[in-house]
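Engineer: I'd like to ask you about the structure that follows.
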Amino acid sequence: MSAAYLDPRVTLDAATREVHAEFEIRNESSETWRAAEGFGIGYHLFDADTGTLIIDGARTHPERDLKPGESARVRMAFDVPEESGQYQVLISPMREGVCWYYEQGWPVLLVEAESRGGAVALAPVRQTTAAALRRRRELRAVGRAVVYPFRTIWRNRSLIRVMVRRDILGRYRGSFGGSFWTVMNPLLLILTYFFVFGLVLGQEVPGDPGRFGFARYLLAGMLPWLAFTEGAARAPSVVLEHRNFVKKLVFAVETLPFNLVVSGLVSEFFAVILYCGFLVASGRGVPVTVFWLPVLLIPQVMFTAGVSWFLAALGAFVKDLGQFIGFLLTIWFFLTPICYPEAKMRAMAPFLSKNPIFILVRGYRSILLEHHAPAFGSLWKLWLLSLIVFVLGHAWFYKLRKSFADMI
């Protein structure tokens, strides 16, 4: 320790928003502090949330040189900005043109202030270090990164509901089938795959032979895949499609990719109902284990949302991303045992265990066909991966969203 702050006192003038700080500073270094050599006591005012330096404040110079072990009384004043927010004022010894000693690891006197609605509130003054503040800021940033996506969704739930309804109805407005195509499109796609792989290529599932067996196997795997591709395939162009919303300062732009996720979830809801009807019609019945579905749906939504946020932000800068993603999703589909038995991919078992879509597909089949809960060993990894993708995808989108208006 090279400096100590004794008996610190901080008062606020509410009328002028001026903060007065008074304390005794003691030289605990091995050198004499000389004002003639540029030594002084100054302050830096930071935005507490971002760590951005706002004000490099005035310096206060001791009236005399301070030898090691000597002390001097210091008085200084500074104003809290009128803009609402949280602020940190770091008071520290410094030398003009040389350094701020708190950046060299010396203790710093911390004054924290919050400005809200024209009023200012001060936290108790305390002594700390720049390293401790940095660790605290990093922990707060991680906490905000985890909480903020959920908070955004909850706060804008009404907007999301309206936008999803508008998306589903508007997509097929003027067509003969209307919103009925929300169910028909995935159903026709599933029938196409069933015709090619089940009838033409004659694929069969071990333990459940026959065309109905393969149909049950194929449909169970298609349920999570169709919901995932609903968001991932459309995400690269969603910012460009809603450019009029992006340029509005009051619009929550981060809800646009999530709207696609919810649209896919709506389609999956009807698909699950149809699938359960098919199970009954084919003589299998709906298993009780269907109530395990939320355990898979939650990480599925988080993973899809994270990927959609990432692709939506990148798509605002790379206009051809949508074409590439369509190709990538096709490869991903055929590398996942959805339309062929898993036994044919034994050689790629290590790869499959790291494929989050396969874990979802395997979980759906466990619940709907094998009548037991998903394997816990892969399920907790899916939850962890989905949460990481969810948080990082939102952080990526949030960081780039300020540039969207310039790019579109």
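Engineer: What's the total number of residues in the stretch 255-271 that are over 23 Å from residue 330 (Cα atoms) and open to solvent by less than 10 Å² (accessible area, probe 1.4 Å)?
Structural biologist: 2
Engineer: Counting just the residues of the stretch 52-73 that are part of a strand (DSSP E or B) and not β-branched (Val, Ile, Thr), which one comes out surrounded by the most Cβ atoms within 10 Å (Cβ to Cβ)?
Structural biologist: 66
Engineer: A further question on this structure: Mind checking whether some residue in the stretch 144-165 is over 21 Å from the mean Cα position of the chain (by Cα) and either part of a helix (DSSP H, G or I) or hydroxyl-bearing (Ser, Thr, Tyr) (or both)?
Structural biologist: yes
Engineer: From the set of residues in the stretch 1-31 that are within 18 Å of residue 89 (Cβ to Cβ) and of a type in the set (Ser, Thr, Tyr), which is least open to solvent (accessible area, probe 1.4 Å)?
Structural biologist: Looking at residues that are within 18 Å of residue 89 (Cβ to Cβ) and of a type in the set (Ser, Thr, Tyr), I get 5.
Engineer: Please state which of the following conditions residue 288 fails to meet, knowing it meets all the rest: (1) among the β-branched types (Val, Ile, Thr); (2) touching a residue at least 60 places away in the same chain (Cβ under 8 Å); (3) open to solvent by 10 Å² or more (accessible area, probe 1.4 Å); (4) touching a helix residue (DSSP H, G or I) at 6+ places or on another chain (Cβ under 6 Å).
Structural biologist: Among (1) among the β-branched types (Val, Ile, Thr); (2) touching a residue at least 60 places away in the same chain (Cβ under 8 Å); (3) open to solvent by 10 Å² or more (accessible area, probe 1.4 Å); (4) touching a helix residue (DSSP H, G or I) at 6+ places or on another chain (Cβ under 6 Å), residue 288 violates only (4).
Engineer: Considering only residues that are modelled with pLDDT under 90 and either of a type in the set (A, V, I, L, M, F, W, C) or touching a helix residue (DSSP H, G or I) at 6+ places or on another chain (Cβ under 6 Å) (or both), which ones fall in the stretch 10-35?
Structural biologist: 14, 15, 35 - these are the residues of the stretch 10-35 that are modelled with pLDDT under 90 and either of a type in the set (A, V, I, L, M, F, W, C) or touching a helix residue (DSSP H, G or I) at 6+ places or on another chain (Cβ under 6 Å) (or both).
Engineer: Report the residue count in the stretch 147-159 for those that are closer than 20 Å to residue 389 by Cβ and open to solvent by 60 Å² or more (accessible area, probe 1.4 Å).
Structural biologist: Number satisfying all stated conditions: 5.
Engineer: Let me ask something else. Please give the helices (runs of 4 or more DSSP H) falling wholly within the stretch 318-397 in which 3 or more residues are over 15 Å from residue 303 (Cα atoms) and either out of contact with any helix residue (DSSP H, G or I) (no Cβ under 9 Å at 6 or more places or on another chain) or among the hydrophobic types (A, V, I, L, M, F, W, C) (or both).
Structural biologist: 321-334, 349-352
Engineer: Another one. State which residue is farthest from residue 137 (Cα to Cα) when the search covers only the stretch 25-41 and only residues that are assigned to a strand (DSSP E or B) and in contact with a Pro (Cβ under 8 Å, 6 or more places away or on another chain).
Structural biologist: Checking each candidate, the answer is 33.
Engineer: Identify all residues within the stretch 102-121 that are open to solvent by 60 Å² or more (accessible area, probe 1.4 Å) and either among the basic types (Lys, Arg) or at pLDDT 90 or above (or both); write none if there are none.
Structural biologist: If the condition is that a residue be open to solvent by 60 Å² or more (accessible area, probe 1.4 Å) and either among the basic types (Lys, Arg) or at pLDDT 90 or above (or both), then 103, 104, 114, 116 are the ones that fit.
The values are calculated or read from the model by the stated rules, or taken from the named source; none is laboratory data. What you are looking at is a predicted structure, and each value in this text was computed from that prediction instead of being measured. Here Cβ is always computed from backbone atoms with ideal geometry, including for glycine, and neighbour counts include all displayed protein chains. Note: accessible area is taken over every heavy atom of the protein model, side chains too, but ligands, DNA and RNA are not part of it. Shrake-Rupley method; radii C 1.70, N 1.55, O 1.52, S 1.80 Å.
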